[in-house]
């Protein structure tokens, strides 16, 4: 992060205005989800093989990007998002959707960098900075980083009928300022998971921008969790849960905020949904870490007994984590030549551990259906 950026985000906050005050109760459902989240934290601290942690983190990053953009209508598949992130020159079709991916990547790298600077306050200026990165410099219509100047009418994701009317544009700057004051002061006294859920909904409720409110809210959620010690080694993709059951996500928001903006709505129902969603995603990521550790123990014995090198286990691990592997991936992770990479993949195909799809440079290798039986 540049020095100028850091200095801008460190500007003092006035104490004249009253901060936002969220209203909610910690119900039994919320507490159960929080307890489940706490129990799973052990896995991320002690069960991850450092050798594969980077691969797991990259997979989660790609998955998060795909789902947070898919919620907003981006048509790229998870594999296509990975291609865009790994190859800046990939294709020219769907240019707008690919630009969304690259903008999102820049925004999340900024979020990660901010997480490492606890002296930089969370406030309305920071939110506007994240929003400007999410929309990117080429968006001349939706005013990146600037508050909307018209109404905020939110539509149902399927019927497209209006379901929510945000506050009038003239009230947005003051509402965001008060929200920013809460983020920079009072939010730190609240359990971080709850603070993240509150911030998520409050930003969507105010709907301060013409476009990109959902993406910005989910990025802010990630930032607050990471700042609060709930990064889970950055192996989560909470957006996957929201996107997989998008109607429930939208209905959880609607059930809390109603049909039009109200200053003091009760956030309890939303927090029940949010904490449960996070507990499920934490459980999925935790299970993936444990399963991979157990698999690698089995693979080591199986492969060593059949004369395979250690890199062959790495190839299988990469294919399992990412769902596929290509020759260029083998060259990168195993530090071998193109000839050796092709030979290694061919050997694993012949052994029935991988299947190959496509021809020439388009070849993709995936774990076979007999993968688990053979291992």
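Per Stokes-Einstein, at 37 °C and 0.692 mPa s, what whole-number D in µm² s⁻¹ belongs to the stretch 219-347, with the Kirkwood radius over Cα pairs as the hydrodynamic radius?
This corresponds to a translational diffusion coefficient of 181 µm²/s.
Divide by every residue of the chain the summed helix terms, -39500 (n - 2.57) for each DSSP H run of at least 4, and state the resulting mean residue ellipticity at 222 nm, rounded to the nearest 500 deg cm²/dmol. Let's see the in-between values first.
Details: 16 runs with 227 residues, N = 375.
After summing the helix terms and dividing by the residues of the chain, the value is -19500 deg cm²/dmol.
Order 289-297, 239-247 from most to least packed using the mean count of other Cβ atoms within 10 Å. All intermediate terms of the calculation are to be shown ahead of the outcome.
Working: 289-297: 15.2, 239-247: 17.9.
Highest mean packing first, the order is 239-247, 289-297.
Going by alpha carbons, how many degrees (0 to 90, nearest 10) lie between the helix axis of 338-350 and the longest principal axis of the chain?
Orientation of helix 338-350: about 80 degrees from the principal axis.
Tilt of helix 124-135 relative to the longest C-alpha principal axis of the chain, in degrees (0 to 90, nearest 10)?
It is inclined by approximately 50 degrees.
Please give the contour-minus-distance gain from residue 146 to residue 25: 0.36 nm per residue of separation, less the Cα-Cα distance, rounded to one decimal in nm.
Result: 40.2 nm gained on full extension.
By how many degrees, between 0 and 90 and to the nearest 10, does the Cα long axis of helix 28-46 differ from the longest principal axis of the chain?
That helix lies at roughly 40 degrees to the long axis.
With Rg and the Kirkwood Rh both taken from Cα atoms, where does Rg over Rh land for the stretch 306-374?
0.92
Relative to the compact-globule scaling 2.2 N^0.38 Å, provide the ratio for the alpha-carbon radius of gyration of the chain. Don't jump to the answer; show the numbers that get you there.
Numbers: Rg = 22.5 Å, N = 375, 2.2 N^0.38 = 20.9 Å.
Expressed relative to 2.2 N^0.38 Å, the Cα Rg reads 1.08.
Quick note: the coordinates plus some simple rules give every number you see, no bench work behind them. Fair warning: this is a prediction, and the values are worked out from it, not measured in the lab. Counting neighbours? That spans all protein chains shown, and the Cβs are built from the backbone with ideal geometry, glycine included.
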